Amino acid sequence: MKKVIVVGFGFMGLSHTINILNNKRLQLAAIVDKDPSNILNKLTEQTGNFSTGSLGAESLSGISLYSSLDECLRAEIADACFICVHTDLHYEMAKKALLTGKHVFLEKPICLDLRQGEELIALANDRNLILLIGQVVRFMPAYRKLQHWISSGEFGLLKFLALSRFAGIPSWGEWKEKQSNFGSSGGALFDLAVHDIDFAQFVLGAADLNRSEILPGKLSDHDYISAYWKYNEKDIVVKIEGGLIFHSTFPFHAGFSAQFEEASILYSTFQPDNINIATNQELKHILAGDANDGFSGEVEYFASCMEDEVKPLLCTPESALQTIRICYDHLKIYKP
């Protein structure tokens, strides 16, 4: 078993902790949080856009708790770190872990600064360490089915794909601080719509043309995006829309609609159990699978890469950084 450290115990830290404890390849060695005395209280707090499971206090019995990553790395023998902190700390925390010889699972987005992302990738490669970015949508069953239909041609060629993702302004944990530290989280473009931008470029590659409309919000100057991509040779149009401009209790929802030559497909987290497949003759439903399997799936994939000593192919850091470049392309600027 590989011993791992979870860094940051908010929504994603808790989610990954649950899946680490349920994974036969992994052993949780320690948790790092700026307020370790509050970790048990966080087990009952309502955080995140949706539930990824629950954890009892007894599950953390005997797990070492630290208030700083430096202290933890000095005291603990571990193979890897799960970095689940806010975006503005990704580079600092991931670099510390890599420099001490730890494999790194880094939550999305990899980095807002492209040069920092490139540095982390080079550091992992130089030290023969695994760096996996948590682009979880690539692992979610409904989206994996969509990917299969696109690549297999089961319903003919894809002609149009719409991907959407909306939520209220996050108000849990440290998110209120991010409103005063305007832009530090990356806003909806880099922290929410990035999932769908990533999935589209992962499945279809870079578009030939794109255009977008951006609106500011409380977190950044780009808290809403409506983008159109066009693939000339494939004759495909992609629409991506998402935002964090709504009031905090606005229900999270995400999904996709796709028009193929022989069928049209609809999936929404408002009706998460089924994917709708429509032809001119009938409308049928197939099981979508549990979206939470995406979180356990990416943890299992990271664990298997460590165990087999192979670099990830399904979610490379280079591909994740390319997603950030595309995000900046929608702003028509590149951050140095």
Quiz item: What are the pairs, 6+ residues apart or on separate chains, where a residue within segment 288-306 that is in contact (Cβ under 8 Å) with a residue 60 or more places away in the chain has its Cβ under 8 Å from a residue that is of a type in the set (Gly, Ala, Ser)?
Solution: ALA288/ALA142; GLY289/ALA142; ALA291/ALA142; ASN292/GLY53; PHE295/SER15; GLU298/GLY134; PHE302/ALA80; MET306/ALA80
Quiz prompt | Set LEU163, LEU158: member being crowded, with 23+ Cβ neighbours inside 10 Å, in contact (Cβ under 8 Å) with a residue 40 or more places away in the chain, more than 25 Å from GLY217 (Cβ to Cβ) and not assigned by TED's automatic domain parsing to the domain that holds ASP35 | solution = LEU158
Quiz item: Exactly one of (1) of a type outside the set (S, T, N, Q); (2) more than 20 Å from the chain's Cα centre (by Cα); (3) more than 23 Å from ASP191 (Cα to Cα) is unmet by PHE250. Its number?
Solution: (3)
Quiz item: Which strands (runs of 3 or more DSSP E) does segment 233-336 wholly contain that include 2 or more residues that are loosely packed, with under 14 Cβ neighbours inside 10 Å, in the same structural domain as LEU158 (by TED's automatic domain parsing) and not basic (Lys, Arg)?
Solution: 283-287
Quiz item: Does SER220 count as over 21 Å from ALA278 (Cα atoms), without any contact (Cβ under 8 Å) to a residue 40 or more places away in the chain and of a type in the set (Gly, Ala, Ser)?
Solution: yes
Practice problem: Being in contact (Cβ under 8 Å) with a residue 40 or more places away in the chain and outside any helix (DSSP H, G or I) is the filter here, so list the residues in segment 113-136 that pass it. | Solution: ASP113, ILE130, LEU131, LEU132, ILE133, GLY134, GLN135
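The values are calculated or read from the model by the stated rules, or taken from the named source; none is laboratory data. These numbers come from a predicted model, not from an experiment. Positions of Cβ are backbone-derived with ideal geometry, glycine not excepted, and every protein chain shown enters the neighbour counts.
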